[in-house]
Amino acid sequence: MGKNIVQKILDAHIISGVPGAGCEVGIRIDQTLTQDATGTMAYLQFEALGFDRIKTELSVSYVDHNTIQEGFENADDHAYLEIIARKFGIHYSRPGNGICHQIHLERFGVPGKTLLGSDSHTPTGGGIGMIAIGAGGLDVAVAMGGGPFFMNYPRVIKIELTGSLKPWVSAKDVILKVLSVLSTKGNVGGIIEYGGPGVATLTVPERATITNMGAELGVTTSVFPSDEMTRAFLNAQGRVHSFTPILADSDAGYDGHIPMDLSTIEPLAACPHSPDNIRTLRELEGIAVDQVLIGSCTNSSYRDIMTVAAVLKGKTVSSGVSFGVACGSRQVFEMVSRNGALADIIASGARILELACGFCIGNSQAPKTDAVSVRTSNRNFHGRSGTMSAGVYLTSPETAAAAALNGKLVDPRDYFSGTSHPVIPVPETYLINDNMILSPRKASGDVVVYRGPNIGAPPSNEPCPEDLQGVVTIKVGDKITTDHIMPAGNRLKYRSNIPKYAEFVFEREDAAFAARAARNRDAGLHNIIVAGESYGQGSSREHAAICPMFLGVKLVVAKSIERIHRANLINFGIVPALFMNPADYDLLLRDEKVSIEGFRIALIEGKPVQLVAATRRPSLRIDLTDREREILLAGGLINSTRQR
Ligand code: MIC
Ligand code: SF4
């Protein structure tokens, strides 16, 4: 039998293990990317692991998340990142250059290569035919040092696209449709491969919108073929030499098959507070809107911004709507500035925002109390916007622009009826100006590294204890995201100061958690987190594991745990366990004393354990590979690497 695209790329990169769904394989990583909010810790770990230069084909450090610079902390991180890049031979994209995923697609992505990024939306690179995976910063540090990335060989689900999109429907609606079918739960261990005749109707930036938000499905990544559209994009980026065709063999096998006719997709929105809470715009019509924000790594390409400019031209944003636009990269910003489209956006009343994550990560543009906010980004988790009472609707740029002009949610087909959908031809050449990317030709180890006072060493952990003597320090429900565990927004500036950042663990769930956990830790008790389904959804931020580790958390017991977060827990020596019987979740109570005799031995022997609580003993599964077991016994990856 022939191979699908995922098999073609992965199999060419396997260093250890045997391909077979669910088996752990180690793959060679060709490229890495980091962003400042996860990158600072990743490079501190790269240093702690003792590497002296990168061993990848290309590693890029972007500064796009913490650009608010309220206080000295963010700027200190930027200075550290710039010097560290020079020291180790890493490309450095300076603040102001734009959002990592958009720039990587434009300037560095290469079909058929593997990309590991310390950001969960790294799968954006799947739009150009890469196997692009999000991971914790420590895994990226190891990959930069030439180590393999370990993952379960995936189940590959094919989404067979036919037809073409109707006017006023766009790529965002495609991924919202996929989310309505697959939801955010239960897709761990899968990769989505797009195929079928509909693929040829989508440009690379449109494909990248789809693979970007594929992260919300919880799959390992998503990938499109590399075809004539890919060649045209690379050619327009002055990089046609990077093009290789990658198509699935006609007799390739898949583990699942979902047909999707593009011509039947309608304008959709993800309603508060989950990216899979999908409704059609016609169902939502009439809801008054307070804020509209266009941008983020999902929808800020040249095509998106030009479309928005065309529909805003000559019109004014509705009163009562705060409207902001952020281009994804300086390439886009400079192009729309030079061709006049930006002037149309400005004239409509838009607030022009910095080329950065900004509102998407909740560090600016928090909406008003009880606001309805319409955004083109990819996550609408409760509280992520910075306003706890706000509800965020995720839509396409077309739908967002219609809401901004109308002051209410409306189907863009109705609002713009009688007007034709702007046609934005793919530019023959994009404007290429890489002067904000510092490209060291080789590592220059002798530079003096700058470390501001907020930058501390990565914290260490002790080996796994013989017995667990602890307490259920918090009990949380289903779909707890890493935003719930470790808020970003106005807390972001503490990313390189773990003792300080740890004060905010579960801040929005239970503000007293951190103090309670620290008291337990200091009294010699182990902290335990009890959770429902899909614990740790969302971002790749390893701080959602490092900070609980710092507070003495040793065990997470959940109904299910998401991929990147599970890997991060293991990397920092926190044991991820699952209830054998999910109904046992109901029996455990917060503040209950619990213990596991022979915890360490059970890990070594790979046996289920019993959590001894006051009146019951739920059985827990701790499924680990030998590699994961070694890491947990040592108390985390840094310890186990040093031991080796
Ligand atoms: C996100 O979109 O949640 C982030 C902020 O980009 C995170 C990374 C981080 O927390 O720094 C992600 O997606 O991994
Ligand atoms: Fe930045 Fe938002 Fe994209 Fe995360 S999802 S990388 S915060 S733009």
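In this structure, residue 548 does not qualify as within 21 Å of the chain's Cα centre (by Cα), assigned to a strand (DSSP E or B) and under 24 Å from residue 627 (Cβ atoms). When the residues of the range 378-426 are filtered to those that are within 30 Å of residue 237 (Cα to Cα) and among the polar types (S, T, N, Q), the one that is farthest from ligand 2 (Cβ to nearest atom) is 420.
Among the residues of the range 74-112, those that are touching a residue at least 60 places away in the same chain (Cβ under 8 Å), among the hydrophobic types (A, V, I, L, M, F, W, C) and within 16 Å of ligand 1 (Cβ to nearest atom) comprise 99, 100, 103, 105. Residues of the range 1-44 that are more than 24 Å from residue 242 (Cα to Cα) and of a type in the set (Asp, Glu): 24, 36. So, residue 498, is that one crowded, with 21+ Cβ neighbours inside 10 Å and not hydroxyl-bearing (Ser, Thr, Tyr) or not? Criteria not met by residue 498.
If the condition is being under 20 Å from residue 434 (Cβ atoms) and within 13 Å of ligand 2 (Cβ to nearest atom), then the range 106-136 contributes 117, 124, 125. Scoring residue 276 on the criteria (1) out of contact with any strand residue (DSSP E or B) (no Cβ under 8 Å at 6 or more places or on another chain); (2) open to solvent by 10 Å² or more (accessible area, probe 1.4 Å); (3) of a type outside the set (Phe, Trp, Tyr) leaves a single failure, condition (1).
For the range 578-594, the condition holds for no residue, the condition being that it is among the aromatic types (Phe, Trp, Tyr), in contact with a helix residue (DSSP H, G or I) (Cβ under 8 Å, 6 or more places away or on another chain) and under 30 Å from residue 378 (Cα atoms).
Okay, residues lined up against (1) of a type in the set (S, T, N, Q); (2) more than 16 Å from ligand 1 (Cβ to nearest atom); (3) surrounded by 23 or more Cβ atoms within 10 Å (Cβ to Cβ):
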| site | (1), (2), (3) |
| --- | --- |
| 461 | yes, yes, no |
| 469 | yes, yes, no |
| 490 | yes, no, no |
| 517 | no, yes, yes |
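How many residues are farther than 17 Å from residue 248 by Cα, of a type in the set (Gly, Ala, Ser) and surrounded by fewer than 13 Cβ atoms within 10 Å (Cβ to Cβ) if we restrict to the range 1-19? Residues meeting the conditions: 1.
Of all residues in the range 90-105, those being away from ligand 2 (no atom under 15 Å from the Cβ) and in contact with a Ser or Thr (Cβ under 6 Å, 6 or more places away or on another chain) number 3. Across the range 356-374, the qualifying residues are those that are of a type in the set (Gly, Ala, Ser) and open to solvent by 20 Å² or more (accessible area, probe 1.4 Å), and the one among them that is nearest to ligand 2 (Cβ to nearest atom) is 364.
Filter the range 74-102 down to residues that are in a loop (DSSP other than H, G, I, E, B) and over 21 Å from the mean Cα position of the chain (by Cα) and give me whichever is nearest to residue 432 (Cα to Cα).
Result: 90.
Restricting the first member to the range 47-65 and to residues that are free of Cβ contacts under 8 Å to residues at least 24 places away in the same chain, and the second to residues that are hydroxyl-bearing (Ser, Thr, Tyr) and crowded, with 16+ Cβ neighbours inside 10 Å, the beta-carbon pairs closer than 9 Å and six or more apart or on different chains are 50/641.
Inside the range 330-358, residues that are within 16 Å of ligand 1 (Cβ to nearest atom) and closer than 20 Å to residue 208 by Cβ make up a count of 4.
Counting only strands (runs of 3 or more DSSP E) wholly contained in the range 253-354, the ones carrying 1 or more residues that are free of Cβ contacts under 8 Å to residues at least 24 places away in the same chain occupy 278-280. Listed by first and then second residue, the pairs with beta-carbon distance under 6 Å, at least 6 apart or on different chains, first residue in the range 29-45 and more than 15 Å from ligand 1 (Cβ to nearest atom), second of a type in the set (A, V, I, L, M) and open to solvent by 10 Å² or more (accessible area, probe 1.4 Å), are 31/58.
Okay, residues lined up against (1) away from ligand 2 (no atom under 16 Å from the Cβ); (2) modelled with pLDDT of 95 or more; (3) open to solvent by less than 40 Å² (accessible area, probe 1.4 Å):
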{"residue": "267", "(1), (2), (3)": "yes, yes, yes"}
{"residue": "283", "(1), (2), (3)": "yes, yes, no"}
{"residue": "287", "(1), (2), (3)": "yes, yes, no"}
{"residue": "300", "(1), (2), (3)": "no, yes, yes"}
{"residue": "312", "(1), (2), (3)": "yes, yes, yes"}
{"residue": "317", "(1), (2), (3)": "yes, yes, yes"}
{"residue": "340", "(1), (2), (3)": "yes, yes, yes"}
{"residue": "348", "(1), (2), (3)": "yes, yes, yes"}
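If you scan the range 471-488, which residues turn out to be within 14 Å of ligand 1 (Cβ to nearest atom), open to solvent by less than 10 Å² (accessible area, probe 1.4 Å), outside any loop (DSSP other than H, G, I, E, B) and of a type outside the set (A, V, I, L, M, F, W, C)? Once the filter is applied, which keeps residues that are within 14 Å of ligand 1 (Cβ to nearest atom), open to solvent by less than 10 Å² (accessible area, probe 1.4 Å), outside any loop (DSSP other than H, G, I, E, B) and of a type outside the set (A, V, I, L, M, F, W, C), the range 471-488 yields 481, 482, 483. Out of 50, 22, 71, 26, report the one residue that is surrounded by fewer than 20 Cβ atoms within 10 Å (Cβ to Cβ) and in a strand (DSSP E or B). One residue alone meets the criteria, 26. In the range 501-513, the qualifying residues are those that are in a helix (DSSP H, G or I) and open to solvent by less than 10 Å² (accessible area, probe 1.4 Å), and the one that is nearest to ligand 2 (Cβ to nearest atom) is 501.
The values are calculated or read from the model by the stated rules, or taken from the named source; none is laboratory data. Please read these numbers as outputs of a predicted model, since none were measured by experiment. Please note: Cβ atoms are built from the backbone with ideal geometry, for glycine as well, and neighbour counts cover all protein chains shown. All accessible areas refer to the heavy atoms of the entire protein, side chains included, with ligands and DNA or RNA removed. Shrake-Rupley method; radii C 1.70, N 1.55, O 1.52, S 1.80 Å.
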